[in-house]
1. Where does the longest stretch of the chain lie that holds no chymotrypsin sites (Phe, Trp or Tyr not before Pro) found in a DSSP loop with 14 or fewer other Cβ atoms within 10 Å?
2. What's the extension gain from Lys112 to Glu225 if we count 0.36 nm per residue and subtract their Cα-Cα distance?
3. Compute the semi-axes of the equivalent ellipsoid of the range 149-238, taking the square root of 5 times each eigenvalue of the Cα gyration tensor, and list them largest first in whole Å.
4. I'd like the Karplus ³J(HN,Hα) series for the range 81-89: coefficients 6.51, -1.76, 1.60, θ = phi - 60°, whole numbers in Hz, and an x wherever there's a Gly or Pro.
5. Distance between Cα centroids, the range 223-276 to the range 93-171: provide it in whole Å.
6. Report the one residue of Val144, Gln11, Pro117 whose Cα lies farthest in the direction of the positive end of the charge dipole of the chain (charges on C-beta: Lys and Arg +1, Asp and Glu -1; origin at the Cα centre).
7. Kirkwood hydrodynamic radius, the chain, all distinct C-alpha pairs: what's the number in Å?
8. Using only the alpha carbon atoms of the range 34-109, find the Kirkwood hydrodynamic radius as the inverse mean reciprocal pair distance, in angstroms to one decimal.
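Bear in mind these aren't lab numbers, they're just calculated from the coordinates by the rules spelled out. Values in this document were obtained by computation on a predicted structure and should not be read as measured data. Backbone-built Cβ (ideal geometry, glycine too); neighbour counts: all protein chains shown.
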Amino acid sequence: MTEHIQLNAAQETALSRDFTTLSRHVLSHLGSYSPDAYDLSALMGRIGLAGKMISRHLSRAGLVEDALGVTGEVNVQGEAVKKMDQYANRVFIRAFEQSGLVCRLASEEMEKPYYIPENCPIGRYTLLFDPIDGSSNIDSNLAVGSIFSVRQQEGFDEGDAKDLLQNGHKQIAAGYILYGSSTMLAYSVGKGVHAFTLDPSLGEFILSQENLRIPAHGSTYSINEGNFCQWEESMRDYIRYIHRQPGYSGRYSGALVADIHRILFQGGVFLYPGTIDRPDGKLRLLYESAPLAYLVTQAGGRAITGKEDILDVVPQKLHARTPLIIGSPDDVTLVESFLTGQKDAIAAVG
Ligand code: P6P
């Protein structure tokens, strides 16, 4: 009779980890094998598939004909559309056309939601996403990301997707994919934050960090100081205060996902406040700030506009923008004390 072959502890751990794929992890973390849980697990699997395809295209962009540069078009945001934006947007659409799960996709790159009619009577999910966040980094081979948010469709949609104009608490899943030195996916379905690393040799996202918790404080502040003269005085006072404190480091990559990923793991605060040109800020609510707020909040962090929690904001339109201050709870609270003029709090920090 063959003995039950035992690997050593480290080998058994590695083997178990390698079989903890994204879809399986979602099911185990939902702690349910209901049809909804299977749907969400399958949906996350399709997001992972889209991420793998985008990662592959990015890694060869310099070699593949016609992958870099702009398309010559301008998107609904008034920004030049990069060829990679268009490719990534198409990848997400194709990933969900064959899923049966998702009826609508709303993207930074599309003025109106994209409907998948054959899915709509059954598929009750909507995917909101920024296919490539930070695409201005692509041609310089710097980190970029995808951001995603999943909501359940409510009621009958007459073609205007009005039910999407609700606060961020309505999200049932959210996360991002970071195309950096490795490709990582961080997600939450409301039961903590978990990170996966793409193993190209397996073609699978493998669990690398479970139940991530953001540090209460970090030394990083991430803001585009080129806008200094456009901020409100209270924001300028905060930056002046930080400049006077020892130990802080400014880190700003131009890609929201990369900056948030650093802060999620090392602590600190990311800020994109309103400016004179853009009083509502630059970042979009439904498919950038709200999903990242959901994720960071799940990890024990905070995300505010300066006046209220990001997750409480109700957008008036699909591509609404918002100021964003997000990260470690102590650091966000310090920024908030400057913006709300809580002089005693400022005095306390010296
Ligand atoms: P700025 C990229 O265009 C983006 O939407 C985010 O990824 C990034 O954090 C921000 O805009 C950068 O904007 O005005 O500092 O170049």
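1. Free of exposed loop sites, the longest segment is 157-350.
2. That works out to 37.4 nm of additional length.
3. Output for the range 149-238: semi-axes of 29, 27, 14 Å.
4. Coupling constants for the range 81-89: 7, 7, 4, 5, 4, 5, 5, 5, 4 Hz.
5. 29 Å
6. Looking along the dipole axis, the top candidate is Gln11.
7. 21.0 Å
8. Numbers: mean 1/r = 0.0726 Å⁻¹.
It works out to 13.8 Å.
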